[in-house]
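Contents: one structure, followed by commentary.
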Amino acid sequence: MWDSVLINARLATMVPGKARYGAIESGALGIANGRIAWIGALDDLTARPGALAKRIYDLDGRWVTPGLIDCHTHLVHGGDRAGEFEQRLGGASYAEIARAGGGILSTVRATRAADEEALFAASLPRLQALMAEGVTTVEIKSGYGLEPEQEVKQLRVARRLGESQPVTVHKTFLGAHAVPPEFKDDPNGYLQTMIGLLPRLAQEKLADSVDAFCETIAFDADQVARLFESASALGLPVRLHADQLTDGGGAALAARFKALSAEHLEYANEHGIRAMAKAGTVAVLLPGAFYTLKDETKPPVAAFRQAGVEMAVATDCNPGSSPVSSLLAMLNMACILFGLTPEEALAGATRVAARALGLGDSHGTLEVGKVADLVVWDIERPAELAYRLGFNPLNLVIRNGQRLHP
Ligand code: NIG
Ligand code: FE
């Protein structure tokens, strides 16, 4: 006997290669022990729904998608950077502000000043905003502590958010986000300190992956390679902020370490794209940062498609380059700004985002055996999820087989 069954559902399974969106019209989906136990056409159910499951959800033709996955956020941080927003509108660039000690370092000051409680309280509304749109899995990075105990504090807050809320949190250590003022003249010394922290993070399960910012205003390829070698030796998967503002060979570097994902990639080159395809590294597109920084160079979407690099779409929720807490808005921007199809955009926030977090076997599609994380929407067709801006058609969320909303 299943715990529940969804009937009269239109299922966007997001399984590739079949119908668009992997759709099953007039579908049914059985849930047992938090997993998807059965999926198919309603007519193929072997008995009356009431004989198969304790609880029936009659969805009256509503669409169901996998739970949304935001695979790139910096949502745990103190303070805001609305002042820099004004400066940028006045003509200052992101890199100029960073070089003058603002940017990431200004958020580092605010994050260090907040104790764990305050940081939790500041971050919770951003997480809840994502969850209100059907996000059931979220990645959260550190990178605003830039000092061992401060980085640990951020990762602990990320962990607590996942424990206290019905959402799966993937924790990423981004100690190599910027060089803190104390190490201004000794970036390699700083990097060594962060490398020294890795065994503890692995031991205490405080990080599920390791990220770095490979950029002229942050760390170069050799430095990132040293960090990644140590992470790989500890069995920690890696991902990389690559080629966002300049072509620093980040795509190829990420591929060399079989990174789960490489992010931004506006300036990624051909060689790097081919290497990513070979390594199976996901390209995480962040239209919120592109939009906010008024970037003019788009990520090479056509080249990704051609090479067979799969694309995820995420918010990059952070106080500087992407003050965004809406994944649905990012689906829209991925289509309008980068030319993704609505189906590619939705795959980027479900199936491909799961792969970017190393969760491809358990999350991201509606398939038997996968975790029963799913969202029911009041829409007539899946493209509506990318179509509107600032409108939330969420009807109900089921996570681990349990009903959450409303
Ligand atoms: O993904 N690129 C570096 N890191 C963030 C920005 C963080 C910030 O500005 O605070 C990003 O865009
Ligand atoms: Fe980022």
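When restricted to residues that are within 12 Å of ligand 2 (Cβ to nearest atom), surrounded by fewer than 24 Cβ atoms within 10 Å (Cβ to Cβ) and closer than 17 Å to residue 346 by Cα, the range 285-324 contains 0. All of (1) under 30 Å from residue 385 (Cα atoms); (2) crowded, with 19+ Cβ neighbours inside 10 Å; (3) away from ligand 1 (no atom under 11 Å from the Cβ) hold for residue 61 with one exception: (2).
The set of residues from the range 213-265 being surrounded by 24 or more Cβ atoms within 10 Å (Cβ to Cβ) and among the basic types (Lys, Arg) comprises just one member, 239.
Residues that are buried (at least 17 other Cβ atoms within 10 Å of the Cβ) and either more than 16 Å from ligand 1 (Cβ to nearest atom) or of a type outside the set (Val, Ile, Thr) (or both) within the range 194-212 comprise 194, 195, 197, 198, 201, 202, 206, 207, 208, 209, 211, 212, listed in sequence order.
How about the range 325-336: which of its residues are within 26 Å of residue 280 (Cβ to Cβ) and away from ligand 2 (no atom under 14 Å from the Cβ)? If the condition is that a residue be within 26 Å of residue 280 (Cβ to Cβ) and away from ligand 2 (no atom under 14 Å from the Cβ), then 327, 331, 333, 334, 335 are the ones that fit.
Step by step: first the residues of the range 76-129, then only those that are of a type in the set (S, T, N, Q) and surrounded by fewer than 21 Cβ atoms within 10 Å (Cβ to Cβ), then the one that is nearest to the chain's Cα centre (by Cα). Which residue is that? Lay out the reasoning, then the answer.
First, the residues of the range 76-129 that are of a type in the set (S, T, N, Q): 87, 93, 106-107, 111, 123, 128.
Next, from what is left, pick out any that are surrounded by fewer than 21 Cβ atoms within 10 Å (Cβ to Cβ): 87, 93, 128.
Working: 87: 28, 93: 26, 128: 15 Å.
Once the filter is applied, the top-ranked residue is 128.
Of all residues in the range 58-108, those satisfying the criterion of being assigned to a strand (DSSP E or B) and in contact (Cβ under 8 Å) with a residue 60 or more places away in the chain are 63, 64, 65, 66, 68, 69, 70. Against the definition (under 29 Å from the mean Cα position of the chain (by Cα), more than 16 Å from ligand 1 (Cβ to nearest atom), surrounded by fewer than 17 Cβ atoms within 10 Å (Cβ to Cβ) and touching a residue at least 24 places away in the same chain (Cβ under 8 Å)), how does residue 20 come out, yes or no? The answer is yes for residue 20.
Can you tell which of 227, 206, 174, 197 is assigned to a loop (DSSP other than H, G, I, E, B), touching a residue at least 40 places away in the same chain (Cβ under 8 Å) and not acidic (Asp, Glu)?
Only one candidate passes the filter, namely 206.
Mind telling me which of the residues 388, 399, 355 ends up being within 30 Å of residue 297 (Cα to Cα) and crowded, with 17+ Cβ neighbours inside 10 Å? Give the steps one after another, and end with the answer.
Working: 388 fails: crowded, with 17+ Cβ neighbours inside 10 Å; 399 fails: within 30 Å of residue 297 (Cα to Cα).
From the options 388, 399, 355, the qualifying one is 355.
If we scan the range 184-191, do we find a residue that is within 27 Å of residue 267 (Cβ to Cβ), basic (Lys, Arg) and either at pLDDT below 95 or not assigned by TED's automatic domain parsing to the domain that holds residue 95 (or both)? Yes, there is a match, as at least one residue in the range 184-191 is within 27 Å of residue 267 (Cβ to Cβ), basic (Lys, Arg) and either at pLDDT below 95 or not assigned by TED's automatic domain parsing to the domain that holds residue 95 (or both). Close Cβ contacts (under 9 Å, 6 or more residues apart or on different chains) running from residues in the range 304-330 that are on the phi > 0 side of the Ramachandran plot and within 16 Å of ligand 1 (Cβ to nearest atom) to residues that are among the small types (Gly, Ala, Ser) and outside any helix (DSSP H, G or I) comprise 316/322. Of the listed requirements (1) of a type outside the set (S, T, N, Q); (2) at pLDDT 95 or above; (3) part of a loop (DSSP other than H, G, I, E, B); (4) within 18 Å of residue 183 (Cα to Cα), residue 217 misses just one: (2).
May I ask you to say which residue of 321, 325 is in contact with a Cys (Cβ under 6 Å, 6 or more places away or on another chain), of a type in the set (Ser, Thr, Tyr) and in a loop (DSSP other than H, G, I, E, B)?
Values: 321 fails: in contact with a Cys (Cβ under 6 Å, 6 or more places away or on another chain).
Matching residue, one of 321, 325: 325.
The values are calculated or read from the model by the stated rules, or taken from the named source; none is laboratory data. This one's a predicted model, so the numbers in the text were calculated from it and none came from an experiment. Here the Cβ is made from the backbone with ideal geometry for all residues, glycine too, and neighbour counts use every protein chain on show.
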